[in-house]
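Take a look at the structure set out below.
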Amino acid sequence: MAAVTTIQALAWFSEIDLHSVASVGGKGASLGELRRAGISIPDGFVLTTDAFRLFVATLRTALQLDQRIDALRGQDNATLNAECARIRAALMQQQSPPELQSAVSAAYQLLSEQGQHAVAVRSSATSEDSADASFAGLQDTYLWVRSEAAMLEAVKLCWASLYNAESVSYRLRLGLPEAQLAMAVVIQRMVNSHCSGVMFTRSPTTGDRSVITLEGSWGLGSAIVSGEVTPDKFVINKITREITRRDIGCKLMAHVPSPDGGILEQEVDAERQQQPCLQDAQILALADIAKQVELHYGKPQDIEWALDQDGNILLLQSRPETVWANKDKAPVATPTAKPFDHIFKVMGGKR
């Protein structure tokens, strides 16, 4: 087997952009693009799709992966779950080629400063976070990974999550070719968030493109994503920068780093539970960054953000907004010779 070089197996954020999706997946490409656009993000690298293909090459042949996935089309949930579980178990038992493990270990030691900084290990599928299909939430993410061994295990778990029942079912429904799908993995330095959340450069409820909707809560954003906390919500007018709406949630708990790795739920002090997690200046600074990101991408965005303990704003991800974008692309009626023909067609075509 040919040796794996760091150029083939790894790509640092500084080396990639949106044109790198085929090798680093949607999430990785977006992070590289944000960095190139001058947006502050936590540093990191991507274990590329070439690394994934090398890792699963033997299994792909031995298990006939493409055919087995395609055969699941139209199967019941029990069959789908059982078959996906068998594929994931086989993948987790597979050993990484030594040269691949060596390359990712060296990059981890550099990023984490010899293990002093925890990292996040995040899936980045090649069809993930695209305008046409969003795999957000369908593959795995591991936060506050504190050792090299835990990082290597989390990488395998991310690869295996490409074969969880939800992900397989989703791509079968969309008709995404299995042979073209691969899993890159983002390894990124963690942010010890004072508060964090999401923001949308288009109203998620009305589709209004003149506003930014911002949600935030204490600690890590995973508490919002999991629905375990009711976040603060702010709406900002893009033109006037007026904060037109403030809904302060009762933030009873927060996700915080665990000393042993991973995250813990921590009760929020009573005086902070109904206190806004952001000051007005911070809200407007986030809104300005959101406008900058939308302008750069040329379309509405769904953005993850964090405010660190020193008050610095960092973006963790930006992906195209899909809900209203898909509605905008809804088919319109086919033109007819006479306006009445539209009504005639709806009524069944009988005069």
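The values are calculated or read from the model by the stated rules, or taken from the named source; none is laboratory data. Model, not experiment: these values are computed from the prediction. Cβ placement follows ideal geometry from the backbone for every residue including glycine, while neighbour counts extend to all protein chains displayed.
If G26 meets every condition in (1) at pLDDT 95 or above; (2) within 16 Å of A125 (Cα to Cα); (3) not hydrophobic (A, V, I, L, M, F, W, C) apart from one, which number is that one?
(1)
Among Q67, Q114, Q139, which is surrounded by 13 or more Cβ atoms within 10 Å (Cβ to Cβ), of a type outside the set (D, E, K, R) and either at pLDDT below 95 or in a helix (DSSP H, G or I) (or both)?
Only one candidate qualifies: Q139.
Given (1) without any contact (Cβ under 8 Å) to a residue 40 or more places away in the chain; (2) more than 19 Å from V323 (Cα to Cα), identify the lone condition not met by E215.
(2)
Using beta carbons and a limit of 7 Å, which pairs, at least six apart or on different chains, have the first residue in segment 168-183 and in the same structural domain as L72 (by TED's automatic domain parsing) and touching a residue at least 40 places away in the same chain (Cβ under 8 Å) and the second one of a type in the set (D, E, K, R) and part of a loop (DSSP other than H, G, I, E, B)?
These pairs meet every condition: L172/R73.
How do the pairs read when you match residues in segment 249-269 that are acidic (D, E) with residues anywhere that are in a strand (DSSP E or B), using Cβ under 7 Å and keeping only pairs 6 or more apart or on different chains?
Matching pairs, first to second residue: E265/M253; E265/H255; E267/M253.
Just to check your reading of the model, which residue among C195, C158 is farther than 23 Å from I283 by Cβ and under 20 Å from the mean Cα position of the chain (by Cα)?
Testing whether each residue is farther than 23 Å from I283 by Cβ and under 20 Å from the mean Cα position of the chain (by Cα) leaves just C158.
Quick one: is S124 over 27 Å from S318 (Cα atoms) and outside any helix (DSSP H, G or I)?
Considered against the rule, which asks whether it is over 27 Å from S318 (Cα atoms) and outside any helix (DSSP H, G or I), S124 comes out as no.
Check every one of the helices (runs of 4 or more DSSP H) wholly within segment 222-320 and list those with 2 or more residues that are of a type in the set (A, V, I, L, M) and under 30 Å from R36 (Cα atoms).
222-225, 280-297
Could you please find all residues in segment 238-248 being touching a residue at least 24 places away in the same chain (Cβ under 8 Å) and exposed (fewer than 14 other Cβ atoms within 10 Å of the Cβ)?
I239, R241, T244, R246
Looking only at segment 11-43, which residues are outside any loop (DSSP other than H, G, I, E, B) and either more than 15 Å from the chain's Cα centre (by Cα) or farther than 25 Å from E321 by Cα (or both)?
A11, W12, F13, S14, E15, H19, S20, A22, S23, R35, R36
In segment 193-221, which residues are part of a strand (DSSP E or B) and under 15 Å from V256 (Cα atoms)?
Looking only at segment 193-221, we keep the residues that are part of a strand (DSSP E or B), and these are 193-200, 211-219.
Correct list: S193, H194, C195, S196, G197, G216, S217, W218, G219.
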